[in-house]
Each structure stands twice: as C-alpha cells, then as structure tokens.
Amino acid sequence: MANQFVLPDLGYAFNALEPVIDARTMEIHHDKHHGAYVTNLNKALESAPEFFEKPIEDILRNIQSVPESIRTAVRNHGGGHANHTLFWKVIAPGGAKEPSGALAKELESAFGSFDAFVEKFSSVSVAHFGSGWGWLVLDGEGKLQGYSLPNQDSPYMQGHTPILGLDVWEHAYYLNYQNRRADYVKAFWQIVNWTQVEENFRNAK
C-alpha cells in the first residue's frame, strides 16, 4: 500500500544534539524504536485500510472510532509514531533558546512565569512512574497545560494538542544517563527548539 505511514527523516545528524543526547541513542531511538512503531502501526491497520487515508493526529483524536480489535495496537504504535514525530522537531538543532511573543505571555499567564513552567514540566516528567512523556499542550479551551501521560498515550486522545513533549522512556536516555532521569530532564532544556514550539503553538491556536 503506497499510502502507509512512513518513518520521517530525522532531519539532522545523529550527533547534532551532543553532549545532551549522544549519537548512538539518537540512532537507536529514531531508526529502531520509532521505526518499529511505524511498522507495527501499518501492520495493525492492514485490517482497516481506510485509516491510511487519515493523518495520525485525526486517528488518535478519534481513537474510539478505530475497531476494537486493533484499537490498543493503534493507540500504542500510532501514539508512538505521533509522539516521536513531534519530539524530533522540538529538539532539532537551531531555533530560539527561549520562548517569546504570544507563547511567552501564555506560559506566564498559565504557570506564573517561564521558570515556574520549567519547574512544573520538569517535576512531572521526572516523577512520572515508569515509561511515558512530559507534555505541554493546548487544551480544549485553548489554555496551556503541563502534565505527563503513560507509555505512548497521546494528548490528542484527551482532545488536546501537544506543542512540546519530552520522552522519558528509558531508551531515550539510558546510554548516557542510566538511572539519572532528573539529569536528562535538566539537560533537555538546552536543546529545546523554541522556534518550533512557537510554530506548534500558533498552529494549535
């Protein structure tokens, strides 16, 4: 099927985010982990090929419309595909090092200050039990929220639009940080591409 989901190119070198994320981790994470989510998503949807016509975000927003027999697989692997597609972009090298304009104002109004937002996002990401993600989303009311979700669950399934995500599965950081998730989360702020996050925010609005 020509219209199956495909693994997007990373768009930059595996070593582009060193020393925060090492090249080997990026290579395994993108090619093997994200690649497997795409492969398994396509496999799950073979029995419901009409879903190949829809963007993954729409499928996740309407996860209840996916046949029950494949819903869990689509939730896990489709979530994994959507989450990682966003992740590679928000940590892409270059871009602004801090938010500005409308997003900066919204962060201040939602969290009190940019520093308070960083603290909240970091603490939910570090404290998240087991595998999952930290998220900054625009909710159904158009307000910013920060929270974590388990496994590859997507904010789209909550009716929210993710604008910044942090992968806290161990495969995202273990080669460099081992069990020191807090160090990884702290280092993450050095590689956030706020130009991309602002674009996500504008599109979500």
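Read-outs throughout are calculated quantities, based only on the coordinates presented, and are distinct from any laboratory measurement. In this text, all values refer to a predicted model and were calculated from it rather than measured experimentally. Quick reminder, even Gly has a Cβ in these numbers, built from the backbone with ideal geometry, and neighbours come from all protein chains shown.
Just give me the residues in the range 23-74 being of a type in the set (Lys, Arg) and free of Cβ contacts under 8 Å to residues at least 60 places away in the same chain, in sequence order.
Correct list: Lys32, Lys43, Lys54, Arg71.
Keeping to the range 63-120, report how many residues are out of contact with any Gly (no Cβ under 9 Å at 6 or more places or on another chain), closer than 23 Å to Gln190 by Cα and charged (D, E, K, R).
7
Please find, within the range 124-154, the residue that is farthest from the chain's Cα centre (by Cα) out of those that are aliphatic (A, V, I, L, M) and over 19 Å from Tyr37 (Cβ atoms).
That would be Ala127.
Return the residues of the range 1-38 that are surrounded by 14 or more Cβ atoms within 10 Å (Cβ to Cβ) and among the β-branched types (Val, Ile, Thr); say none if nothing qualifies.
Val20, Ile21, Thr25, Ile28, Val38
In the range 167-191, what residues are part of a loop (DSSP other than H, G, I, E, B) and surrounded by fewer than 20 Cβ atoms within 10 Å (Cβ to Cβ)?
Trp169, Gln178, Asn179, Arg180, Trp189, Gln190, Ile191, listed by residue number.
Inspect all residues belonging to the range 30-38 and state whether any of them is touching a Leu at 6+ places or on another chain (Cβ under 7 Å) and over 21 Å from Gln152 (Cα atoms).
no
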